[in-house]
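To start, the structure under review is shown below, and the notes come after it.
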Amino acid sequence: MKVYICPCLDKEKSMAVLPWVISTLRQYGITPLLDSAVKDVYDDESVVYSESQDIIDECDMLLTVGGDGM
């Protein structure tokens, strides 16, 4: 399963919880996906980064963290 995580980059708390969200998903064998733009503020080797439209086409679920992700 692949989950597109859409964090609100402007909210400190959503960025603080992001590592926990990614770690928890990985514990269950779920592949976390993030938009390439997030890599500038959060770079993690265990995450697949790609363009939003490509991620939407391949993900099974979308998870927002800290609001609508915008």
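Results, tabulated for the structure shown:
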| quantity | calculated |
| --- | --- |
| Single condition L34 does not satisfy, out of (1) assigned to a strand (DSSP E or B); (2) free of Cβ contacts under 8 Å to residues at least 12 places away in the same chain; (3) aliphatic (A, V, I, L, M) | (2) |
| Meets criteria (surrounded by fewer than 18 Cβ atoms within 10 Å (Cβ to Cβ) and touching a Ser or Thr at 6+ places or on another chain (Cβ under 6 Å)) for Y28 | no |
| Residue count, the stretch 32-68 (criterion: open to solvent by 90 Å² or more (accessible area, probe 1.4 Å) and of a type in the set (S, T, Y)) | 0 |
| Residues (surrounded by 11 or more Cβ atoms within 10 Å (Cβ to Cβ) and either of a type outside the set (S, T, Y) or free of Cβ contacts under 8 Å to residues at least 40 places away in the same chain (or both)) located in the stretch 1-12 | K2, V3, I5, C6, P7, C8, L9, K11 |
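The values are calculated or read from the model by the stated rules, or taken from the named source; none is laboratory data. The shown structure was predicted, so the numbers you read here are calculated from the model rather than taken from an experiment. So basically every Cβ, Gly included, is an ideal-geometry build from the backbone, and we count neighbours across all protein chains shown. Accessible surface is based on the protein model in full, side chains and every heavy atom, while ligands, DNA and RNA are left aside. Shrake-Rupley method; radii C 1.70, N 1.55, O 1.52, S 1.80 Å.
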